[in-house]
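Colleague: Submitted below is the structure of interest, expressed as structure tokens.
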Amino acid sequence: MARALVGTGFSPREALKSAYYKPAHSPREKLLTGASRSSLIACFRNQSNTSKQQITEDFVPRRYTLTMLLAAGLCLGAGTAVAQSVTLNLPRASQHAVLMQRVGITDITLNYHRPLVGGRKIWGTVVPFGQVWRAGANENTTIAFTDPVSIEGKPLAAGTYGLHMIPNENSWTVIFSKANASWGSFTYDQKEDALRVDVKPQTADFHEALTYDFDEVKPNATLLTMRWEKVAVPFHIDVDTNTIVEANLHSQLRGLSQYTWDGWDDAANFLLAQKVDLPEALQFCDRSIQNEERYENLMTKANVLTALDRKDEAASFRSKALEKANVIQTHTYARQLQQEGKQAEAFEVFKQNAQKHPNDWVVHVGLSRMYSAQGDFPSASKEIATALASAPDNQKLPLQGLQKRLEAREDINK
């Protein structure tokens, strides 16, 4: 056999590497059958240095070059093989899938193939216990992170990793390998591990095709679960979203965004919403105002100053913001105060809006809400009727709904 392979220009190992391997899901899909298939596998085991762990009878050649067919024929004698195209894009039994999830601004992308159960006993047979498995089929299953993450509490740098697993009945090892362009796990080398974590398998509903899902998606974490047959293998992925976003903001604000008011304002509002690095949020406000002073960034600065407990300064910037506000911005701010339970402050803002824009229909809606909150339903109904008379057509229907509620003496703020 060794001489025959040399005659074709292939060593046993080279011949093995020239073939693609995939699960044989059904008798129709098996490229070699019966004793012929077993003989080929035995031939490669005996004539090459490839270990039993690297080749199992569940994985058979998918494509053959002519030379590989000759080599197989010399080894098997009358064995039967079906050639698939080396160059054409044809369907594969274990179909390709790509799954992506964003956590914060970190993208997690899983690239894998989906073998089928096909009536076989998977765990402990098709996929042996205690041996490294490709966590899919065909080429490496890979997982990519655009930013650093933690897997089950252990840090992992940004990058693309080959994903492998070692299944056992009560515990699985999930492996992230620096080698991500291999064929399956046949050339896996533990020295190339970036990280290993141990997790507990779970019983799951039956899944004919291997699948991965992102479960329990949160602003800074998710759970990635592999499911196949009746087994689920979950592992936690955590992302330091605030730190990553803040660092990313510094990078973005060195580009064209630095010349806009809203880039700096958006950055300040993010830090304010997350309640992190408020002094820097204040600096972002100042840069925004420096580019263009507007209601939005003046109000953002007032809110940041409030969060920093600098109330007098906050009041000053809030007043300055309201001076620049248009009728809708002023109305929206008053409604925000109402929702925060600050009714008296809201009423004052509604009145200020009426003084600045006495004939605008939005003002009359605001006054209607003020009177409604005070229990003065006749005045509220009068104001809503005035609003209806001049409101645009696309606003009349919702205003009519408010009018009916007021006629029923119902507070339209609730």
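Colleague: Below 8 Å, C-alpha to C-alpha, sequence gap of six or more: please give me the relative contact order for the stretch 95-239 in percent. It would help to have the intermediate numbers written out before the result.
Modeller: Details: 359 pairs, mean separation 32.2, N = 145.
Taking the mean separation of contacting Cα pairs over the length of the stretch 95-239, I get 22 percent.
Colleague: Whole Å is fine, so just give me how far the alpha carbon centre of the stretch 107-162 lies from that of the stretch 311-387.
Modeller: 57 Å
Colleague: Over 26 Å between Cα atoms, which of 320/356; 154/200; 218/414; 311/414; 154/178 qualify?
Modeller: Working: 320/356 15 Å; 154/200 16 Å; 218/414 31 Å; 311/414 29 Å; 154/178 16 Å.
Those over the limit are 218/414; 311/414.
Colleague: Considering Cα pairs under 8 angstrom that are at least six residues apart, work out the relative contact order of the stretch 242-407 and quote it in whole percent. If you can, show how the numbers build up before the last one.
Modeller: Details: 183 pairs, mean separation 19.4, N = 166.
Result for the stretch 242-407 is 12 percent.
Colleague: Related question: Can you check what the net charge comes to around residue 295, using other residues whose Cβ is under 14 Å from the Cβ of residue 295 (Lys, Arg +1; Asp, Glu -1)?
Modeller: Values: positive: 294, 301, 318, 320, 324, 356; negative: 262, 265, 292, 293, 296, 323.
Around residue 295, the charge tally is 0.
Colleague: Sticking with this one: Quick one: 288, 319, fewest Cβ neighbours within 10 Å first, how do they rank?
Modeller: Details: 288 26, 319 11.
Exposure proxy ranking, most exposed first: 319, 288.
Colleague: Let me ask you something else. Work out, step by step, the length gained on full extension between residue 189 and residue 340: first 0.36 nm times the residue separation, then minus their alpha carbon distance; give nm to one decimal. Spell out each step's value before the answer.
Modeller: Numbers: separation 151, 0.36 × 151 = 54.36 nm, distance 5.91 nm.
Here the segment from residue 189 to residue 340 would lengthen by 48.4 nm.
Colleague: On to the next question. Obtain the nm distance between the two label points defined at residue 306 and residue 351 by a simple spin-label model: each point lies 7 Å from its Cα along the Cα-to-C-beta direction.
Modeller: Placing both labels 7 Å beyond Cα along the Cβ direction yields 2.0 nm.
All of the numbers you see were taken from the coordinates with simple rules; none came from a lab. Since the structure is predicted, the reported quantities are computational estimates derived from the model, not experimental observations. Cβ: placed from backbone, ideal geometry, glycine included. Neighbour counts: every protein chain shown.
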